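Report on the following structure.
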Amino acid sequence: MFANIPERQMNTLRWIATVSWLLLIASLFYDPITPLLTQPGMEWSPFTIDKLTQLDCVELQGECLTETPYAMGTSIFWGFVIPLAIVILFIVGHEFWRRICPLSFLSQIPRTLGLQRQHKRVNEKTGKIRYELIKVKRDSWLGRNYLYLQLGLFYLGITSRILFLNSERLLLGTVLVCIIFAAVLTGYLYGGKSWCQYFCPMGPVQKIYSEPRALLNSKAHEGERKLITQSMCRTVNSEGKEQSACVACKTHCIDIDAERTYWQNITNPEQQWLYYGYFGLAIGYFIVYFLYAGNWEYYFSGSWSHEENQLANVLAPGLYIFGKSVPIPKLFVVPFVIGFCGWGGYQLGKQIEKSYKAFLIYNNQLVNSEIVRYRMFTVSTCLIFNIIFFFAGHNFMSFLPSFLDPFIPISVIVCSGIWLHRTWNRNPHIYERESLASRLQKQLIKLNLDVSQFLENRFLEDLSADEIYVLAKVLPEFDKEKRLQAYKGMVKESISEGYVNIANSRGIFKDTRLELNITDKEHELILTEIEVENPSLFAPQKQSNHEDWLRQESYHQQILDTLIKSSKNHPHQQIILDLFDIATGKKSVESFNDVLQKLSVEERESIQNIRETYSITLEEEEEILTHLGTEELWKTIACTLSMIQGLDYISEEQNSLSQNNEPIKMSSEQRMFYEQAFKKFDKNGDNLLSVDELQALLRAVGRSSSGEKMENLRATIDKQINQSGFTFDSFINLIEKSLSDTKYSPIKQYFDFFDIDQSGSVSAEELRLCLNDLDLGLSETEIEQLLKSVFKHGQQELSYEEFSQKFTQIAQGKLR
């Protein structure tokens, strides 16, 4: 919901929130105005002492506090700002709060000024130097223990608040200034939102109230998957387009997908400390006020926020029980009581969780440790939200119009009740099912099946996860071949985006296979198909997480946009041609820096800023650059079309092995293309494939035959080939033989394939439709790159002669 608010509008809100916060901090040092608002007898002011404190005497350890006019900075900060932050997190969600948080905004000052700490890297081959942002390493002490650190800082913060900061304006202002400095310093030392992720004392509070999802949170795992989701880091380019600025500063990032982060971490031991420990710390915080004052009126009156001489009472008795003070200094009582309650909350939560699990087992109910813990976390969050507003609500409501007083408690109960209802039945299985259903939905849209008769004036995009799976079962056009095609698209997309890896894909897609009636063996064959099409996805160094994929994909898009824009300013430099040569291996990756020398100083600085923004390493840049080009994609398309042409002739039995025509020999490059694909499916190395494996091979090289054509092909093969299997030589012979029997040249066949309306020319839209129909696994970005490489200078159509020239250049490796 709030993730879709344009960045420029959010930037305005950030500035308003930040300036307001800085003004509030400034008022802690100098405030001549608000003391006038608290003067008794000021009828026009709702903040006078006699209106806010409706008791004749607020007792503190048996003595009445003296109420005098006071500056309201501390009261506003503790009584309004902090509770408001919790309300925003619980109802609106982190995707709004983390986009307007002043501390988060200020921590990005070093990035904005280009003053972040960097690591010097030297290319051993060329000796050239480059700089990369430093990020918190996942396996470092901080990367492993950040949550304990944040909880410790939170504990330190609430104890310091009661001891030193509740009413001491100058000290509170100084501490807040120091926190701002710490946030800015963190932004200098580490890239990304490292302050928010690893250091901010409010970090645990954000996780508790925002995960797995707030009332109005958007779902990052459903619908159209975007490069920018929820509260992700983002920027606006010179054309006004929003771009991801994610540098993958943390794996399983709450800013990208809060619910995914929640389920990934729920079984970690520190999560119990987070939820149960926070519950205990919050309870301990409120109990301390009662133990110190000997009554609840002291807290509910809000007098603690403007109590005089707070620092002078640090060594005063910290306990007042049964009308008598206990001579234990407040300095020791406060941290002990809060710490003990935090530890007690952790122990009690663990014991209740254990007992609840035992209760389920005793009653013969299915037990899942994740669900048991999840429900315990859900109950504790709902309870503590209500408890906090039972106490903090009194101070919060004092800043609101009096007619809202009856509605605030009701609103809190209603909101928490709705939250509990929609949260209680969530589980990781539902999350995965919804996530995969959205991927299946995308594949169904791509297949362009006729679903109108089943939707009753609804759109495919409007269906729930269960409805999508039901639709997949009843669609008559969604046959076995198309199911495999859709499943392959889902798996490939999930692997490439870092959501799953090769090892866990079988388990994650288990339920999807059951829904689509796909076997485990077919899953393994599909993995092999994907490996044939994209070997880099299976390389050990390529196995990355989703956050890394987002970072590299964002860099990929920005570097391409920047270079294309720069090439228009330097048409004589042939920048794009050099880039294609690097992508296709004709020039080394190191020559990319030579390409950059053709740009202006400002353009080179822009490229360097992009590198640093996304913290791109030398190895990552090499991988990205070698996948920028389109020539290899065009060659794959040419081979695919020849495969289609041959198989069509075979399936229609228009040629046979007995004919005497001299076969046309393939080029070594074409033969290698087919041979590499064939070997991937030849699991035992005997140079034989079964018919099912052959069908998987055909899909891998872009051929999705209809059921009827596949049966004809099988029948022809069974007649002509040994029953023990299908050899590579036999396969190549059939393809070559089909080419020799063709009445037209292969290029004319390709042209006719693309010329859908038979107008005698091929338009960009026709080419786009055919590229999608070939099912080569091309992304929309890759298709657009292919079209740009063919249609230049505003050209809209290709004649046969122009088309022939292009494909001749492809065959010769000279596509420009």
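Worth pointing out:
- Cα gyration tensor, the stretch 284-429 - rounded (a/c under 1.5), prolate or oblate: oblate
- Within the stretch 444-550, the chymotrypsin sites (Phe, Trp or Tyr not before Pro) that combine a DSSP coil assignment with at most 11 other C-beta atoms in a 10 angstrom radius are Phe459.
- Set Lys446/Lys480; Lys446/Lys492; Lys226/Lys482; Lys193/Lys226; Lys446/Lys521 screened for pairs whose C-alpha atoms are more than 18 Å apart: Lys226/Lys482; Lys193/Lys226; Lys446/Lys521
- Shown here for the stretch 415-472: trypsin sites (Lys or Arg not before Pro) in loop regions (DSSP other than H, G, I, E, B) with at most 16 other Cβ atoms within 10 Å, namely Arg458.
- Atom-type composition of the exposed protein surface of the stretch 305-375 places 65 percent of the accessible area on carbon and sulfur (1.4 angstrom probe).
- Percentage of interatomic Cα-Cα distances in the stretch 489-555 larger than 14 Å: 58 percent
- Taking every Cα-Cα distance in the stretch 118-253 and sorting them into 5 Å bins from zero, the calculated P(r) comes out as 2, 8, 12, 16, 17, 16, 13, 8, 5, 3, 1, 0, 0 percent.
The values are calculated or read from the model by the stated rules, or taken from the named source; none is laboratory data. Note that the coordinates shown come from a computational prediction; the quantities given were computed from them, not determined experimentally. Counting neighbours? That spans all protein chains shown, and the Cβs are built from the backbone with ideal geometry, glycine included. Areas reflect the complete protein model, heavy atoms only, side chains present, ligands, DNA and RNA absent. Shrake-Rupley method; radii C 1.70, N 1.55, O 1.52, S 1.80 Å.
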